[in-house]
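Nothing in this text is a laboratory measurement; each read-out follows from the coordinates by a stated rule. As the structure is a computational prediction, the values presented were derived from the model and not from experiment. Don't worry about glycine lacking a Cβ; one is built from the backbone with ideal geometry, like all the others, and counts go over all protein chains shown.
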Amino acid sequence: MTLLQVSDLTVIRRARVALEGVSFALGAGECVGLVGANGAGKTTLMRASLGLLAPSRGSSSIAALPPAARARKVAWLPQTREVAWPVSVRELVALGRIPHGRRASASDAAAIDAAIAAMGLNGFEERTATRLSGGEQARVLIARALAQDTPLLLADEPIAGLDPAQQMTTMSLFREFAGKGRTVLCALHDLGLAARYCSRVLVLHKGRLIADGRPETVFDAGILATAFGIRAHFEIGDNGPLFQPLEVL
Amino acid sequence: MRWRLFTLLTLLVALLFAASLLTGPADIGVTESLRALIDGKGGATVLVMREIRLPRALLGVMVGAGLGLSGAALQGYLRNPLAEPGLIGVSASSALGAVLAIQSGLAATLALALPLAALAGAVLAVLLLLLLSGPRGGTLALILAGIAVSALATALTALVLNLSPNPFAASEIVFWMLGSLADRSMRDVWLALPLMLAGGAALFSLGRGLDALTLGEDAAQSLGIRLPRLRLVMVAGVAAVVGAATAVAGVIGFVGLVVPHLLRPLVGARPSALLPASALGGAAVILAADIAVRLIAPERDLKLGVLTAIVGAPFFLHLIYKTGKEAP
């Protein structure tokens, strides 16, 4: 089943091509990493796919939906971690239930509890969200997106600013989420984590999709040199995929 | 906890409303005045209660609730605790409309001219605002457009005062702009009520969208909130409520700023819960202030807007100071 179909997506802003002719489809059960150098168009691609940004050309199956229906299909975790008011952690996570109707129901409470537990936030429910540390706040916002309980989750650098254990916990949570027939597309800078946790990697370079496939096919010397300008070592050893950057070309 | 707060605020508004009905230069007993209000027997007392004190108390509730509600909605939308109805230029434009009505002499010949001109000013401000900030303009565009509209309206008001050939008209304008609920009639109530109700209903409908905006504009949109629509409803609602309030009471500042700020911690900072709380809180503050101006200087006609500014401004400075110290 296809959860997201993007065709020929092109975004031109102020005469600069931010995204050019990007096409791909996401099926159910995938944990997809979106990688590329800074300014390669990762955020633009996700926002245009969501319909938050009007493309100059091309289409996205999700963007075509009416806003309320879209919000039940896909959750979006922006990179900017904005929490405007000092609400409690539980209230913040509960915002993820907005697309599911006005009246608070038992399924709302269950989804909120599950999201809080998944992000290891038990005991934090009544804390004020704006007074948490950066990492804690990031986890609360991921929990908010999980509480939305959608088949598809798009996350923009969700693990930036988390410590190594939290990064791995979050990535395995995403993989587990994908294992339940849902799909995650997350922009990542850590190619090592992308190699270990993602079943599929999309590589963007200057607004174009230059590679799309399993980590071992995508992390090829030529693609890495083009997209990142680096040389790296990649192997699938006894401990799973290992990616080690070696030098800047 | 929230229900207790709402019950307390409602009780407070009811008490202050009763106190407002019982405050005034005419020395009338409690039972006598209430009886005159209800059964309409008692000559002059009936006149005082029904024609002077009742509209004054009703306008106190309406204007206060409108200002508190608009402040809470604007702060929620702009995600800025320093936002207030005056910020988007509606108060200033509304005042300009009224000033023009006084200056041109229309207000003297036609009693409805002043409130109608104030409303026209508010509507024009909104149209200009939407034109300046564009159909999909963001928060910053709206604030900047608001500042521009506000500055323009203030400058034009100053120009009218400057060119005023008649010193009496000029002083009437200045007094009107200070803001007051004295000498209003039931006609003012009926004029403002429909707009206040329509605008208030529009603002109350925004609760969920404002809650979602806690996470920023992108996240709110991804939660299914139609931001352009929310923005339009909010601006129109604020224009109707603040335009109507300014039309009947002049410019009354700081209520829309201080009331939401004070009540925010008591509702757990949730924007949707802050809307009704600020409406009640605003009504209580205006009723109390309007009682105070009658008690402090009964013979001098102290203006309500002057009192709210004198009490509100230092209080707000204190709040800013406190917030600054608490910030990490």
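Considering the alpha-carbon set of the protein assembly as shown alone, what are its Rg and its Dmax in angstrom?
Answer for the protein assembly as shown, Rg first and Dmax second: 29.0, 100 Å.
So what is the diffusion coefficient of chain B in µm² per second by Stokes-Einstein at 37 °C and 0.692 mPa s, using a Kirkwood Rh over Cα pairs?
It comes out at roughly 162 µm²/s.
Under 12 Å Cα to Cα from residue B:41, which aspartates and glutamates show up? Leave out anything in the same chain fewer than 8 places away.
B:32
Specify which residue in the list B:197, B:169, B:255 is farthest towards the positive end of the charge dipole of the stretch B:168-289, using unit charges on the beta carbon of Lys, Arg (+1) and Asp, Glu (-1), about the Cα centre.
Checking the options against the dipole of the stretch B:168-289, the answer is B:197.
In whole Å, what is the distance between the alpha-carbon centres of the stretch B:194-262 and the stretch A:121-171?
What the calculation gives is 30 Å, centre to centre.
Tell me the relative contact order for the stretch A:37-101 as a rounded percent, counting alpha carbon contacts under 8 Å between residues six or more apart.
With pairs under 8 Å counted, the relative contact order is 20 percent.
Would you mind getting me the FRET efficiency between residue B:322 and residue A:103? Use the beta-carbon distance for r and R0 = 25 Å, nearest 0.05.
Using R0 = 25 Å, I get an efficiency of 0.10.
For the stretch B:133-202, what is the convex hull volume of the alpha-carbon atoms per residue, in Å³?
Once divided by residue count, the hull of the stretch B:133-202 is 143 Å³.
For A:44, B:246, A:226, what's the fewest-to-most ordering of other Cβ within 10 Å of each Cβ?
Final ranking by Cβ density, sparse to dense: A:226, A:44, B:246.
What FRET efficiency do you get for residue B:47 and residue B:108 if R0 is 22 Å and r is their Cβ-Cβ distance, rounded to the nearest 0.05?
0.35
Quick check: from the Cα gyration tensor, does the stretch A:33-133 come out rounded (a/c under 1.5), prolate or oblate?
oblate
What does the charge add up to near residue A:44, with Lys and Arg as +1, Asp and Glu as -1, over the other residues with Cβ less than 15 Å from its Cβ?
+3
Quickly rank A:230-240, B:171-181 as a protection proxy: mean count of other C-beta atoms within 10 Å, highest first.
By packing density, highest mean first, the sequence is B:171-181, A:230-240.
Based solely on its DSSP helices, what 222 nm [θ] is calculated for the protein assembly as shown when runs of n ≥ 4 H residues each add -39,500 (n - 2.57) and the sum is averaged over all residues, nearest 500 deg cm²/dmol?
Per the formula, -18500 deg cm²/dmol.
Identify the trypsin sites (Lys or Arg not before Pro) of the stretch A:94-139 meeting these criteria: DSSP loop state and at most 16 other C-beta atoms within 10 Å of the C-beta.
Sites meeting the loop and neighbour criteria: A:102, A:103, A:127.
Find the centroid of the Cα atoms in the stretch B:24-71 and in the stretch B:274-304, then give the distance between the two in whole Å.
14
Using Cα centres only, tell me the gap between the stretch A:182-242 and the stretch A:62-112 in whole Å.
Cα centroid to Cα centroid, the span is 30 Å.
What nm distance separates the two modelled labels at residue B:141 and residue B:8, each placed 7 Å from Cα along Cα→Cβ?
Each label point is offset 7 Å from its Cα along the Cβ direction, giving 4.2 nm.
For residue A:73, which lysines qualify as cross-link partners when the Cα separation must be under 25 Å and same-chain residues fewer than eight apart are set aside?
A:42, A:180
Using label points projected 7 Å from each Cα along Cα→Cβ, tell me how many nm separate residue A:79 and residue A:230, to one decimal.
1.6
Hey, what do the phi angles of the stretch B:244-254 turn into as Karplus ³J(HN,Hα) couplings, whole Hz, using 6.51/-1.76/1.60 and θ = phi - 60°, x for Gly and Pro?
Running phi through 6.51 cos²θ - 1.76 cosθ + 1.60 with θ = phi - 60° gives 5, 5, 5, 4, 9, 10, x, 8, 10, x, 6 Hz.
Going by amide H atoms built from the backbone, whose H comes under 5 Å of the H on residue A:205, apart from near neighbours?
Sorted by chain and number, the residues that satisfy this are A:210.
From the backbone phi of the stretch B:275-285, what are the Karplus-calculated ³J(HN,Hα) couplings (6.51 cos²θ - 1.76 cosθ + 1.60, θ = phi - 60°) in whole Hz, Gly and Pro given as x?
Here the 3J(HN,Hα) series is 4, x, 4, 5, 4, 5, x, x, 4, 5, 5 Hz.
To one decimal place, what Kirkwood hydrodynamic radius in Å is obtained for the stretch A:126-199 from all pairs of distinct Cα atoms?
12.8
Could you check the simple spin-label distance between residue B:154 and residue B:15, using points 7 Å along Cα→Cβ, in nm with one decimal?
Taking the two extended label points, one gets 3.8 nm.
How would the stretch B:194-328 be classified by its alpha-carbon gyration tensor: rounded, prolate or oblate, with rounded meaning a/c under 1.5 and the a/b versus b/c comparison settling the rest?
oblate
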